[in-house]
1. Probe 1.4 Å, all protein chains in place: accessible area of residue 25 in Å², nearest 10?
2. Quick one: helix 31-55 against the long Cα principal axis of the chain, what's the angle to the nearest 10°, folded into 0 to 90?
3. Which angle from 0 to 90°, rounded to the nearest 10, does the C-alpha axis of helix 7-27 make with the longest principal axis of the chain?
4. Determine the relative contact order of the chain: mean sequence separation of Cα pairs under 8 Å and six or more apart, normalised by residue count, in whole percent.
5. State the label only: which of [x] 42, 17, 11; [y] 39, 31, 19; [z] 57, 15, 7 corresponds to Cα extents along the principal axes in Å computed from the shown model?
6. Using a 1.4 angstrom probe on the protein heavy atoms only, could you order 36, 4 from most to least accessible area?
Amino acid sequence: MGKTAKPFYLAAAPLIAVGAAFAAVGASGQTAFGYTAVGLLVPGVVLLIAEYCRRA
């Protein structure tokens with residue numbers, strides 16, 4: 001990583017991490033956690049794609 005800040009990456013990492021944890025709990029049968037996981041993972045992935053497109 002360079003010296004410049006990468007705000008999309010910094011915002012996406014916690015969303016994906018928490019979304020993955022919620023997905024694990026949701027896979028054990030707690031459906032509300034599964035729905036919340038999708039709501040966290042999708043914006044996280046969109047932010048990562050936006051960061052990639054911005055650099056390209």
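1. Result for residue 25: roughly 60 Å² accessible.
2. 10
3. Approximately 20 degrees, to the nearest 10.
4. Working: 51 pairs, mean separation 23.3, N = 56.
Relative contact order of the chain: 42 percent.
5. Identified label for the calculated read-out: [x].
6. Values: 36 65, 4 95 Å².
These residues rank, largest area first, as 4, 36.
The values are calculated or read from the model by the stated rules, or taken from the named source; none is laboratory data. Keep in mind that this is a model prediction, so the values were computed, not measured. With ligands, DNA and RNA removed, areas are computed over all heavy atoms of the protein, side chains included. Shrake-Rupley method; radii C 1.70, N 1.55, O 1.52, S 1.80 Å.
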